[in-house]
Amino acid sequence: MRYAVLLVTIIALLTTLLPATAGDSDLGQLIPGTWTIAPNERTASGELTFGADGRYVMNETLKDGTGVGRKGEYRLDESTKPARIDLCLESCDQAGAEWTTLFCILRADSDDSLVLRSSEDGKYPAEFKADGPGTMVLSRVAEE
């Protein structure tokens, strides 16, 4: 019995003394800012800016050289595992928004690295995949 109490005490101390990992971060506080989009199957380069006001702007250069952009409102839901984020065109509350919204899952690998995954079927992806359509690896742009 003494060993069980000692073990619980050690685990409690370690839990409070160890630094929080990126997965423990408050994503709502972490994501505002500008992020570069790493090249992937679709995108040669790009930038995604999340505002603290719940708005975003995404500009990409596709592999064929075409420039595309979208902007609007984002909604973050940290109550799910993994966290979900909706990237709506203009407003998430406008009629028909469900047809133009990217329904994504979001993971913080560190304070400077996010992985965002959308699905092709208009639903939230079930899991993260290392690569493939819909996966964006984001790196924070250093503030000057």
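Taken together, the values in this text are just the output of simple stated rules run on the coordinates, not laboratory data. Since we're looking at a predicted model, the values are computed, not measured. Using ideal geometry, Cβ is built from the backbone for each residue, glycine included, and neighbour counts are taken over all protein chains shown.
Go through THR66, SER91, ALA130 and say which Cα lies farthest out towards the positive end of the charge dipole of the range 24-140; charges sit on Cβ, +1 for Lys and Arg, -1 for Asp and Glu. Of the options given, the answer is THR66. Listed by chain and number, the aspartates and glutamates whose C-alpha is less than 19 Å from the C-alpha of LYS129, apart from same-chain residues fewer than 8 away, are GLU41, ASP86, ASP109, GLU120, ASP121.
Around the amide H of VAL141, modelled in the peptide plane, lie the amide H atoms of THR34, TRP35, THR36, all under 5 Å away and 5 or more residues distant in sequence or on another chain. Database remark: amide H of ARG55 closer than 5 angstrom to the amide H of TYR74 (H placed geometrically; neighbours at sequence offset of 5 or more, or on other chains; Pro and chain starts carry no H). Placing a label point 7 Å from the Cα of GLU127 along the Cα-to-Cβ direction, no residue of the range 72-93 has a backbone N closer than 12 Å.
3J(HN,Hα) along the range 57-65: 9, 10, 10, 10, 10, 6, 4, 8, x Hz, from the Karplus curve 6.51 cos²θ - 1.76 cosθ + 1.60 with θ = phi - 60°, whole Hz, x for Gly and Pro. Here the Karplus relation 6.51 cos²θ - 1.76 cosθ + 1.60, evaluated at θ = phi - 60°, turns the backbone of the range 35-43 into coupling constants of 10, 8, 9, 5, x, 9, 4, 9, 10 Hz, with x for every Gly and Pro.
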